[in-house]
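See structure below.
The values are calculated or read from the model by the stated rules, or taken from the named source; none is laboratory data. What you see is a predicted model, and the numbers here were worked out from it, not measured in a lab. Backbone-built Cβ (ideal geometry, glycine too); neighbour counts: all protein chains shown. Quick note on the areas: whole protein, heavy atoms, side chains included, nothing else; ligands and nucleic acids left out. Shrake-Rupley method; radii C 1.70, N 1.55, O 1.52, S 1.80 Å.
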Amino acid sequence: MEFFFEVLIGGLLAGVMYSLVAIGFVLIYKASGVFNFAQGAMVLFAALTFVSLVESGVPFWAAFALTLATMILLALAVERWVLRPLVNRSPITLFMATLGLAYIIEGGAQALWGAQVHGLELGIDDVPLEFGGLFVSQFDLFAAATAATLVLVLSLLFNKTRIGLSLRAVADDTLAAQAVGIRLRRIWTVVWAVAGLVALITGLLWGARLGVQFSLSLVVLKALPVLIIGGFSSVGGAIVGGLIVGASEKLAEIYIGPLIGGGIENWFPYVLATLFLLARPAGLFGERTIERV
Amino acid sequence: MTSSQSSTLLSLDRVSLSFKGVKAVSNISFAVARGEICALIGPNGAGKSSLLNVINGVYRAQEGSVSFDGEIRRHMRPQHAAERGIARTFQNIALFKGMTVLDNVLTGRNLKRRSTWIEQALRIGRANHEDDVQRERAEKVIEFLRIQPWRDTLVGKLPYGLQKRVELARALAAEPKLLLLDEPMAGMNASEKTEMSGFIVDINREYGTTVVLIEHDIGVVMGLSDHVVVLDYGRKIADGAPEEVRRNPEVIAAYLGTRH
């Protein structure tokens, strides 16, 4: 039983890492109804920029601030040259644009900082801590605390301020949002800048895990089942979805894996997501849209 | 003379608009007085909606200028128009369908907020009091247009006629100087039309809001408006009081299909 709980807790904490990636998607989806294909590239770009700065001797927090500033500049650039020319176009057009953007950012990141693998040390020992007989990874706990802080700040920003209402308005109908005087450009810039911050934090935590390298942009693939289960438009859903994916994949590996030859951790979340698509297409917390015909 | 004393709120001066060489509106001038209800009428494709879109900045006119409340400009963005006091509804209803009626109306109050987002997030300073005021104003508009029973319903679930009314409520919540209504009664039956025209007249009387509206139903238009502008093929063919316009042979030709 103790072993079960250890696996469960390990899985839940791993899930927090998936949630972090998913939150970046949710933010932009909420503000434009678009799945931002470039989120993974932004994670890579942020992590590479940070690591390269640190390696060239910039202190940790200065590098963090500089990278954040870079992500804000990126948000401004994206608004100016990608979103603004495509205002009032269909979501699929914007989606295609983010697809192109992903390649530009990935290419740009590697052209700027090179393509070699960097190690990233955040100064947290990855030794397990013992709680009443259960061993829990210290790094995972740190990641969970970071995610919790991030979610708290985001929910304050988006649920308590008019930015939240404006955000939903913009996602729903940009033309109408403009007509009631919502500053479309500012909303977009804010959202992409916040998504940049999330990308930076995701990049640091995942970078410390996997090393900062091109494959970092592929962690976003793990966000897909999280989003399908939790719902594309809910930060809370991204958290719950991440926890479900993390816990179920680890438990499945341990308890179902041996029966069918093992190695199921990698594809189990997608099976789970497929089942959710059949039963609850909007996810657990997603907005069910009403289409009148 | 300062702008607030001038009797003309909106005037268009030789406005022309074309899409890739196709003229939608050519050389149109007319003026709307403060406090009046002005109807834009004309057959389909006459350029009515295009003109409305020029007034609130969705389209940019290639020629001519628009003067609103003493400010002349060739082009303004929709957001700037909203800040200057122009609110509107759309022909195909542009509501935020995933939000409740109350939230939709609250977005109309968006520009009336003064507290910063930090104050709002932490609920300090002006934010608390302001929240109450915005909500109260929104509730008032909801009451005025008699949509209280649906205030917490998602807009997407409401029938068409009610959605039209919610859209009007959102526009009204902004306390506009000028209200642009693009076919507010399209697709309604006779009693719904009567109800809607009643609301428009009430808004005009109670708040003194100037209204420019597009409508096809000539009977409704004649009863409702102080001033009628008739467009046909992007040109203005008549402009004046309803009785005058009704007798105009060119208007009769445009509507009854007499040879041009």
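Can you tell me which residue in region A:197-227 is farthest from A:GLY33 (Cα to Cα), limited to those that are of a type in the set (Val, Ile, Thr) and at pLDDT below 85?
As a first pass, look at region A:197-227 and keep what is of a type in the set (Val, Ile, Thr): A:198, A:201-202, A:212, A:219-220, A:226.
Next, from what is left, pick out any that are at pLDDT below 85: A:219-220.
On the way: A:VAL219: 22, A:VAL220: 18 Å.
Applying the filter and picking the extreme gives A:VAL219.
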**Study point:** Residues located in region A:65-90, provided they are part of a helix (DSSP H, G or I) and open to solvent by 40 Å² or more (accessible area, probe 1.4 Å)
**Key:** A:ALA65, A:LEU66, A:LEU68, A:ALA69, A:THR70, A:ILE72, A:LEU73, A:LEU76, A:ARG80, A:TRP81, A:ARG84, A:PRO85
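Report yes if A:LEU205 is within 14 Å of chain B (Cβ to nearest Cβ) and within 18 Å of the chain's Cα centre (by Cα), otherwise no. Spell out how you get there, then give the answer.
Numbers: within 14 Å of chain B (Cβ to nearest Cβ): no; within 18 Å of the chain's Cα centre (by Cα): yes.
No, not satisfied.
Can you give me the number of residues within region B:41-79 that are assigned to a strand (DSSP E or B) and under 17 Å from the mean Cα position of the chain (by Cα)?
Total satisfying the criteria: 4.
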Practice item. Return yes or no: is A:ASP125 free of Cβ contacts under 8 Å to residues at least 60 places away in the same chain and of a type in the set (Asp, Glu)? Key: yes
Practice item. Can you give me the number of residues within region B:119-157 that are open to solvent by less than 40 Å² (accessible area, probe 1.4 Å), free of Cβ contacts under 8 Å to residues at least 40 places away in the same chain and within 11 Å of chain A (Cβ to nearest Cβ)? Key: 6
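Quick grid of which residues meet (1) surrounded by fewer than 18 Cβ atoms within 10 Å (Cβ to Cβ); (2) under 22 Å from the mean Cα position of the chain (by Cα); (3) under 13 Å from A:ALA41 (Cβ atoms):
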{"site": "A:GLY100", "(1), (2), (3)": "yes, yes, yes"}
{"site": "A:GLU106", "(1), (2), (3)": "no, yes, yes"}
{"site": "A:VAL127", "(1), (2), (3)": "yes, no, no"}
{"site": "A:LEU141", "(1), (2), (3)": "yes, yes, no"}
Practice item. Look through B:ALA82, B:ALA87 and report the one residue that is assigned to a strand (DSSP E or B), within 14 Å of chain A (Cβ to nearest Cβ) and either on the phi < 0 side of the Ramachandran plot or open to solvent by 20 Å² or more (accessible area, probe 1.4 Å) (or both). Key: B:ALA87
Check your understanding: Applying the selection to region B:131-167, what residues are under 21 Å from the mean Cα position of the chain (by Cα) and basic (Lys, Arg)?
Key -> B:ARG137, B:LYS140, B:ARG146, B:LYS164, B:ARG165
Exercise for review: Exactly one condition in (1) modelled with pLDDT of 85 or more; (2) closer than 30 Å to A:LEU152 by Cβ is not met by B:GLN79; state its number.
Suggested key: (2)
Check your understanding: Do you know which residues across region B:14-40 are over 18 Å from B:VAL58 (Cα atoms) and not in a strand (DSSP E or B)?
Key -> B:GLY21, B:ARG34, B:GLY35, B:GLU36
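More than 11 Å from chain A (Cβ to nearest Cβ) and under 24 Å from B:VAL141 (Cβ atoms): is that true of B:PHE68 in this structure? Steps first, please.
Numbers: more than 11 Å from chain A (Cβ to nearest Cβ): yes; under 24 Å from B:VAL141 (Cβ atoms): yes.
Here the answer is yes, as B:PHE68 does meet what is asked.
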Review point. Quick one: how many residues across region B:18-40 are at pLDDT below 90 and among the aliphatic types (A, V, I, L, M)?
Key: 3
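A quick yes/no check of all residues on (1) of a type in the set (A, V, I, L, M, F, W, C); (2) buried (at least 19 other Cβ atoms within 10 Å of the Cβ); (3) within 10 Å of another protein chain (Cβ to nearest Cβ); (4) in contact (Cβ under 8 Å) with a residue 12 or more places away in the chain:
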{"position": "A:ARG162", "(1), (2), (3), (4)": "no, yes, yes, no"}
{"position": "A:SER166", "(1), (2), (3), (4)": "no, yes, yes, yes"}
{"position": "A:ALA177", "(1), (2), (3), (4)": "yes, yes, yes, no"}
{"position": "A:LEU184", "(1), (2), (3), (4)": "yes, yes, yes, yes"}
{"position": "A:VAL190", "(1), (2), (3), (4)": "yes, yes, yes, yes"}
{"position": "A:LEU200", "(1), (2), (3), (4)": "yes, yes, no, yes"}
Exercise for review: Please verify whether region B:102-116 includes one or more residues that are of a type in the set (Gly, Ala, Ser) and either more than 8 Å from chain A (Cβ to nearest Cβ) or open to solvent by 40 Å² or more (accessible area, probe 1.4 Å) (or both).
Suggested key: yes
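Going by the structure shown, is A:ILE264 closer than 28 Å to A:GLU6 by Cβ, of a type outside the set (Gly, Ala, Ser), more than 14 Å from chain B (Cβ to nearest Cβ) and open to solvent by 30 Å² or more (accessible area, probe 1.4 Å)?
In short, no.
Considering only helices (runs of 4 or more DSSP H) fully contained in region B:161-255, which possess at least 2 residues that are in contact with a Leu (Cβ under 7 Å, 6 or more places away or on another chain)?
Values: elements: B:190-207, B:218-224, B:242-247.
Once the helices (runs of 4 or more DSSP H) in region B:161-255 are filtered for at least 2 residues that are in contact with a Leu (Cβ under 7 Å, 6 or more places away or on another chain), what remains is B:190-207.
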